[in-house]
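Please treat every number below as a calculation from the coordinates, not as lab data. Quick caveat, the model's predicted, so the values are computed rather than measured. Counting neighbours? That spans all protein chains shown, and the Cβs are built from the backbone with ideal geometry, glycine included.
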Amino acid sequence: MTAAKDQFGRPTVVVTGMGVVTSLGAGKTDNWQKLTAGQSGIRTITRFPTDGLRTTMAGTVDFIPIEPFVSTTLSDKLADLAAEEAVTQAAIGSKGDFPGPLFLAVAPVEVEWIARFETARATGSASGIDYDSMLKASGGGRFADFHKRFLFGSVADHLVERFGTKGSPISLSTACASGATAIQLGVEAIRRGEADAALCVATDGSVNPEALIRFSLLSALSTHNEPPEGAARPFAKNRDGFVMAEGAGALVLESYEAATARGAKILGVLAGCGELADSFHRTRSSPDGKPIIGCIRNALDDAGITPDDIDYINPHGTGTPENDKMESKGVMAVFGERARQIPMSSNKSMIGHTLSAAGAVEAVFTLLTIEHGRLPPTINYAMPDPEIPLDVVPNTARDAQVRYAISSSFGFGGQNVSLVMAREPA
Amino acid sequence: MNDKTTAREVWITGIGLASSLGEGLDEHWDALQARRINVDETTFAPYPVHPIVKLNYDAQIPKKGDQRQMESWQRIGTYAAGLALEGAGLKGNTDILSRMDMIVAAGGGERDLAVDATVLNDQAQGNAAPGALNERLMGGLRPTLFLAQLSNLLAGNISIVHGVTGSSRTFMGEEAAGTDAFRIALARIVSGQSDIALVGAAHNGERKDLLMLYEFGDFALKGKATPVWARNGEATGFALGSGGVFLVIESKEHAQARGAKPFARLSQVVADHARRTVPGNVTAVLDSLWAKLGVPTDTPIITGATGAAYATDEERAFLKKHANAPVRGHATSFGHLMEAQLPLGLALAALSIAKGKLFAANDSTGVEIENAASPSQIVVIGTGHWRGEGMALVERVPA
């Protein structure tokens, strides 16, 4: 067996390029420095009026101006930045000619309010506006850009144009596990031998009034508005919900064989992927924890390793009372007594929950954790939860050698995906 | 390329179909043979829409609580998924369902039209204080509406109602999502990454908010629901249709081990993404996809051609090169099912192969011609109205 194949005889999948944007900044260098310094990117929302809202903070990316604001346009720009960084680092193909497919995790695209406001204005009426009157004003080409912008495939379409990925691009959603699913699809394509390289991107620019209100109506969000940087409190006893956030992550995946043949620097290995759907409830996970446990085990099995091989856990760790409890139970079930010794820190304590992007953003951070031998902390951890007797790397980063790490993402609709990453091929 | 010794044959063993023409395979076959079309030209006038038939949702979604948590597109899809599982003999088979993979092609975003109108009238009347939108949405939106809007919640509902939990992935991106769902599910089974999968899509065309999106691009057909091949000049575009299409596909070995019979074999699914910057782009891509299938020029074709001006003109040019191939366009009968476009073509191809003939031609322009021969191969085509070209090959399984 050589490094080119894993122990199951499949092509080894390596990472040769990474890009990331979060509320902490653009690029790996800036993000890593702030992440290991325990800095929060959560701030009071200034993008729109927050009058009457229970939650008034978020991890917005405010350094990319979008005027007027359109979430899909921000998602587009975030994806662009992250992918550009990843493709540049990988130095693969040539400009605008990426030699493989695109897998894009993106928040479900919808016609946003700007389109309704403009169409309503175009009706010329001051009252009695409804969809019938708006439909009469919609055609004729003056709003043709809204059609292009608000198709579900619009962000992928733009990325294909920009990066020249091959074939039919796949836009996907597995809710808050989407970023991990994008990576999994890339891993599978390379293992099948369909592609030597894949561009896996995940993006989310969803902080707009309606999206915030939707999560708020489900009582999923933290309402700890002051100070905003103290809102995200994963695993702490006083955690009260997640914090919506924006960002993007991108990875260039390649077969080990293709990467070494072109002399590319290998940044890490995507050793295994696991998934398992939960049929218990639309927004809650099964009380027996079986889907989470099974998902983590599937990822370990797929990587051909045992729980004892894991040195670091990058959890979903949203900071909702329910997720963190269920996830910890799952971790304790899989890793047994050793669970207490494995460091497990939540990036979301600093960057918030980047939703569709989270799986890829946190995969990038996990690979940086492995590369630098330094564990980013879980900040805002002042009140330990006796139900979660785990090492969450409280408040301060620390050094540690990590050979294998696992990153998990769970989403509404019973979505569970775990990824095993390694420093080098087994 | 890597290890191909594991390449496996894939069978279609379950078909779930619910649409404006009925539910189940027999009702659909009879309607197609009778050239029946169910179109509503008044409710959404001037836009013709093919409405879903009345379904007894209790039959596939027994808990009313589950039905209440869904909007129409999810109910239609969950219902059709149940029909597919039932047809494949898998309903309630927890052993297989718990390791069955699932890929759903989905849109989403059904809106509360009344809440939207209230907000818009507030604005138009200048009553909109900062935060007025917040107040209207906080007070007006049902908390569970969000779950009906999330694209991946059709898959989520199928997991809950039918117990499919091996994996759950949702692809988005209009017509291409339906093609790619089958392309990836097939590749995974062929390569041994998966044994069995539930794959499909659902679409509710009876939505003014969705009509608006397509009207922005002047894609919505107005006036009479003319046959798709007759849409020329001024009267181009598509009539939205409603329906759910799900297929159970599995490796031949897996099917044989459980004694399941195939409707047909799913041999290939190929796709591309033409830039569509100049005339001829799509025709060239369709030519190259056809070449990948490696079938005779006169192989029967079932296409979801939409009637959208550029895309369908390009497809006509492609079809001219296959003048001897019997062609069937399903948009005349069903309307355009968007993400379910190619899945519907696959379902009709598998059904035609199982019936030993193509369904009746339904066209006055001469594109579709009657053909009584029993097809051993059918090419299914899905050309997106804006982006995405897909093709699949469905074949008879030798007895």
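Once amide H atoms are placed 1.01 Å from N in the peptide plane, what residues at a sequence separation of 5 or more from A:Asn347, or on another chain, have their amide H within under 5 Å of its amide H?
HN-HN under 5 Å from A:Asn347: empty list.
Once you average over the residues of B:202-215, how many Cβ atoms of partner chains fall within 10 Å of each Cβ?
Values: counts 0, 0, 0, 0, 0, 1, 5, 6, 1, 4, 14, 11, 4, 11.
Taking the mean over all residues of the peptide, I get 4.
Report for chain A the percent antiparallel among DSSP-assigned beta bridges with both residues inside it, nearest 5.
On the way: 42 of 59 bridges.
DSSP beta bridges in chain A are roughly 70 percent antiparallel.
If the reach is capped at under 12 angstrom between alpha carbons, list the aspartates and glutamates near A:Lys166, excluding any in the same chain fewer than eight residues apart.
A:Asp97, A:Asp157, A:Glu194, A:Asp196, B:Asp272
Karplus couplings for the range B:305-317 from phi (6.51 cos²θ - 1.76 cosθ + 1.60, θ = phi - 60°), rounded to Hz, Gly and Pro as x?
Rounded to whole hertz, the list is 2, 8, x, 5, 3, 5, 4, 6, 4, 5, 5, 4, 4.
Counting partner chain Cβ atoms within 10 Å of every residue's Cβ in B:132-141, what's the average? Intermediate values should be presented prior to the final figure.
Numbers: counts 3, 10, 11, 4, 3, 10, 8, 2, 1, 5.
Rounded to a whole number, the mean comes out at 6.
Around A:Tyr131, with a cut-off of 14 angstrom between Cβ atoms, what is the net charge of the other residues, counting Lys and Arg +1 and Asp and Glu -1? Walk me through the intermediate numbers first.
Numbers: positive: A:Arg116, A:Lys136, B:Arg111, B:Arg207, B:Lys208; negative: A:Asp130, A:Asp132, B:Glu110, B:Asp112, B:Asp116, B:Glu206, B:Asp209, B:Glu215.
Around A:Tyr131, the surrounding residues sum to -3.
Report, in whole Å, the centroid distance computed from the Cα atoms of the range A:46-94 and the range B:348-399.
44 Å
Distance between the C-alpha centers of the range B:3-50 and the range A:363-385? Whole Å please.
Computed from Cα coordinates, the inter-centre distance equals 50 Å.
For the range A:299-399, run through the GluC sites (Glu not before Pro) and keep only the ones in DSSP coil with at most 14 other Cβ atoms within 10 Å of their Cβ. Walk me through the numbers before you get to the answer.
Values: sites: A:Glu322, A:Glu327, A:Glu337, A:Glu362, A:Glu371, A:Glu387; in loops: A:Glu387.
Those satisfying the criteria are A:Glu387.
Only counting other Cβ atoms within 10 Å, I'd like A:Asp309, B:Asp116 sorted with the fewest neighbours first.
With the fewest neighbours first, A:Asp309, B:Asp116 line up as A:Asp309, B:Asp116.
Excluding the sites themselves, what is the longest stretch of chain B that contains no GluC sites (Glu not before Pro) in a DSSP loop with at most 13 other C-beta atoms within 10 Å?
That would be B:1-233.
Are there chymotrypsin sites (Phe, Trp or Tyr not before Pro) in the range A:58-120 that DSSP puts in a loop and that have at most 10 other Cβ atoms within 10 Å, and which ones? Could the numbers behind the result be given before it?
Working: sites: A:Phe63, A:Phe69, A:Phe103, A:Trp113, A:Phe117; in loops: A:Phe63, A:Phe69.
Qualifying residues, ordered by number: A:Phe63.
Roughly how far apart, in whole Å, are the Cα centres of the range A:210-244 and the range B:307-345?
Here the two parts' Cα centres lie 48 Å apart.
How big is the Rg/Rh ratio for the range A:317-406, C-alpha atoms only, Rh by Kirkwood, two decimals? Walk me through the numbers before you get to the answer.
Working: Rg = 12.6 Å, Rh = 13.6 Å.
For the range A:317-406, the value is 0.93.
Hey, what did the range B:1-122 get for relative contact order, percent, Cα under 8 Å, at least 6 apart? Walk me through the numbers before you get to the answer.
Values: 92 pairs, mean separation 31.9, N = 122.
The normalised contact order for the range B:1-122 reaches 26 percent.
Pick out which of B:Gly131, B:Gly241, B:Gly356 has the largest mean-square fluctuation in a Gaussian network model of chain B, springs linking Cα atoms closer than 10 Å.
B:Gly131
Project the alpha carbons of the protein assembly as shown onto their principal axes and report the range along each, largest first, in whole Å.
Each principal axis gives a Cα extent; for the protein assembly as shown these are 74, 71, 52 Å.
Can you give the % of DSSP beta bridges in the protein assembly as shown that are antiparallel, to the nearest 5? It would help to have the intermediate numbers written out before the result.
Numbers: 81 of 116 bridges.
Here the share of antiparallel DSSP bridges comes out near 70 percent.
Would you work out if the range B:128-278 is rounded, prolate or oblate? Take a ≥ b ≥ c from the square roots of the eigenvalues of the alpha-carbon gyration tensor; rounded if a/c is under 1.5, else prolate when a/b is larger than b/c, oblate otherwise.
Details: a/c = 2.38, a/b = 1.34, b/c = 1.77.
Oblate, because a/c is 1.5 or more while a/b does not exceed b/c.
If you take all C-alpha pairs in chain A, what percent of them are over 34 Å apart?
Numbers: 24776 of 90525 pairs.
Above the 34 Å cut-off, chain A has 27 percent of its Cα pairs.
Ranking B:Asp287, A:Asp302 by Cβ neighbours within 10 Å, fewest first, what do you get? Don't skip to the end; give the middle numbers.
On the way: B:Asp287 13, A:Asp302 22.
Result, fewest neighbours first: B:Asp287, A:Asp302.
If the cut-off is a Cα-Cα distance under 12 Å, which aspartates and glutamates reach B:Lys355, setting aside same-chain residues fewer than 8 apart in sequence?
Within the straight-line limit of under 12 Å, B:Lys355 reaches these aspartates and glutamates: B:Asp26, B:Asp30.
Which whole-Hz couplings ³J(HN,Hα) result when phi for each residue of the range B:347-354 is put into the Karplus expression 6.51 cos²θ - 1.76 cosθ + 1.60, θ = phi - 60°, listed in order with x for Gly and Pro?
4, 5, 5, 4, 5, 4, 5, 5
With an 8 Å Cα cut-off and a minimum separation of 6 or more residues, compute the relative contact order for chain A in percent. Kindly include the intermediate steps, with their values, before the conclusion.
Details: 1087 pairs, mean separation 104.9, N = 426.
25 percent.
Can you tell me the mean projection area, over all orientations, of the convex hull of chain B's alpha carbons? Units nm², please. Walk me through the numbers on the way to the answer.
Values: hull surface 83.5 nm².
So the mean shadow area of the Cα hull is 20.9 nm².
Take every DSSP beta bridge with both residues inside chain B and express the antiparallel ones as a percent of the total, to the nearest 5. Spell out each step's value before the answer.
Numbers: 36 of 54 bridges.
The antiparallel fraction comes to roughly 65 percent.
Are there any trypsin sites (Lys or Arg not before Pro) in the range B:320-354 that are in a DSSP loop and have at most 14 other Cβ atoms within 10 Å? List them by number. Display every interim value, and only then the final one.
Details: sites: B:Lys320, B:Lys321, B:Arg328; in loops: B:Lys321.
Passing sites in the range B:320-354 are B:Lys321.
Run lengths n ≥ 4 of DSSP H only: what is the helix-derived mean residue ellipticity at 222 nm for chain B, with -39500 (n - 2.57) per run over all residues, to the nearest 500? Mind dumping the intermediate values first?
Numbers: 15 runs with 147 residues, N = 399.
So the calculated ellipticity at 222 nm is -10500 deg cm²/dmol.
Once a ≥ b ≥ c are taken as the square roots of the eigenvalues of the Cα gyration tensor of the range B:283-399, is the result rounded (a/c under 1.5), prolate (a/b larger than b/c) or oblate (a/b not larger than b/c)? Kindly include the intermediate steps, with their values, before the conclusion.
Working: a/c = 1.40, a/b = 1.30, b/c = 1.08.
Because its axes are fairly even, with a/c under 1.5, the range B:283-399 counts as rounded.
Which residue, A:Gly139, A:Gly96, A:Gly268, tops the fluctuation ranking in a GNM of chain A built on C-alpha contacts under 10 Å?
Ranking A:Gly139, A:Gly96, A:Gly268 by mean-square fluctuation puts A:Gly139 first.
Taking chain B as a Gaussian network, where each spring joins two C-alpha atoms under 10 Å apart, which residue of B:Val119, B:Val53, B:Val379 fluctuates the most?
B:Val119
Roughly how crowded by other chains is peptide A:292-298, in terms of the mean Cβ count from those chains within 10 Å of each of its Cβ atoms? Please list the in-between numbers first.
On the way: counts 0, 0, 2, 1, 0, 0, 2.
Mean shielding by partner chains, rounded to a whole number: 1.
Evaluate 2.2 N^0.38 Å with N set to the residue count of the range B:48-103, then give the Cα radius of gyration divided by it. Mind dumping the intermediate values first?
Working: Rg = 12.8 Å, N = 56, 2.2 N^0.38 = 10.2 Å.
It is 1.26.
From the phi angles alone, apply the Karplus equation (6.51, -1.76, 1.60; θ = phi - 60°) to the range A:278-288 and give each ³J(HN,Hα) in whole Hz, x where the residue is Gly or Pro.
Per-residue couplings from phi come out as 10, 9, 6, 7, 5, 10, 10, 8, 3, x, 7 Hz.
What lysines does A:Lys348 reach when the alpha-carbon gap must be under 28 Å and sequence neighbours fewer than 8 apart in one chain are set aside?
A:Lys28, A:Lys34, A:Lys77, A:Lys237, A:Lys290, A:Lys325, A:Lys329
Could you please rank B:Met70, B:Met138, placing first whichever residue has the fewest other Cβ atoms within 10 Å of its Cβ? The partial results should precede the final answer.
Details: B:Met70 26, B:Met138 17.
Exposure proxy ranking, most exposed first: B:Met138, B:Met70.
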